[in-house]
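Read-outs throughout are calculated quantities, based only on the coordinates presented, and are distinct from any laboratory measurement. These numbers come from a predicted model, not from an experiment. For neighbour counting, all protein chains shown are included, and Cβ atoms are generated from backbone atoms with ideal geometry for every residue, glycine included.
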Amino acid sequence: MNLKALITALVLAGTSTAALADSNVRDHRDDTTQISAPPSAEIVRDHRVDHRLPRWMTIASSSQLSRGRDVIAANARVSSLKLVALKGSTTIDTVTVKFANGATQKIRLAQTIAPQSQPITIDLKGAQRNVVSIVLSGNSNRRASFEVLGA
């Protein structure tokens, strides 16, 4: 073997061994280490497939019970309704939901919603159904308003 080739081979072998011995050099070809979150960070994952969190869509916004009643025309496929107060307080006595097939569902609530209180959630009978109209009965303050959401 030629002397130049022998010296080159020894130099290359010596530098690669030195690189492997150095703790600051990492081989990233088979990196199976996991990066962990700091202990103060909380990681929350929802792995539900069939039980997805509801996505609320606005059916009516800034509604008010004038003369004790509000009729909301809707064309939505929902399985639950949510009543959220925007301003003032509103007492809702009954909610009547009319479906596309002509069936109705009447829910007696007699509950008051206000911006500081929790919204009222109503689960409709059956799975997702086409809602044609929602009739709300009760009374509200003069400047009260609320919105109806569906999921």
What are the lysines whose alpha-carbon lies under 26 Å from the alpha-carbon of Lys98, with same-chain residues fewer than 8 places away excluded? Lys82, Lys106, Lys125
Which distance in nm do the two modelled labels at Ala5 and Ala127 give, with both placed 7 Å along the Cα-to-Cβ direction? 7.5
Test of understanding: ordering Asp70, Asp93, Asp123 by Cβ neighbours within 10 Å, fewest first, what list do you get? Asp123, Asp93, Asp70
Along region 67-73, Karplus-curve 3J(HN,Hα) (6.51, -1.76, 1.60; θ = phi - 60°) to the nearest Hz, with x for Gly and Pro, reads 6, x, 7, 9, 10, 10, 7
Cα atoms only: what Rg and Dmax, in Å, come out for region 57-150? 12.3, 37
Taking neighbour counts of Cβ atoms within 10 Å as a proxy for exposure, in what order, fewest first, do Arg77, Arg55 appear? Arg55, Arg77
How big is the dipole moment of region 57-150 about its Cα centre under a simple scheme where the beta carbon of each Lys and Arg is +1, that of each Asp and Glu is -1, and everything else is neutral? Debye, nearest 20, please. 140
When every alpha-carbon pair in region 83-122 is counted, what percent end up more than 14 Å apart? 50
Mind giving me the nanometre distance, one decimal, between the label points for Ile107 and Leu86, set 7 Å out from Cα along Cα→Cβ? 2.0
Which one of Leu136, Gly88, Leu109 is farthest out on the positive end of the charge dipole of region 57-150, using unit charges on Cβ (Lys, Arg +1; Asp, Glu -1) and the Cα centre as origin? Leu136
Paramagnetic reach from Arg69 (point 7 Å along Cα→Cβ, amide N under 11 Å) across region 110-146: 135-138
Report the full-extension gain for the segment Arg77 to Arg142: residue separation times 0.36 nm, less the Cα-Cα distance, to one decimal in nm. 20.2 nm
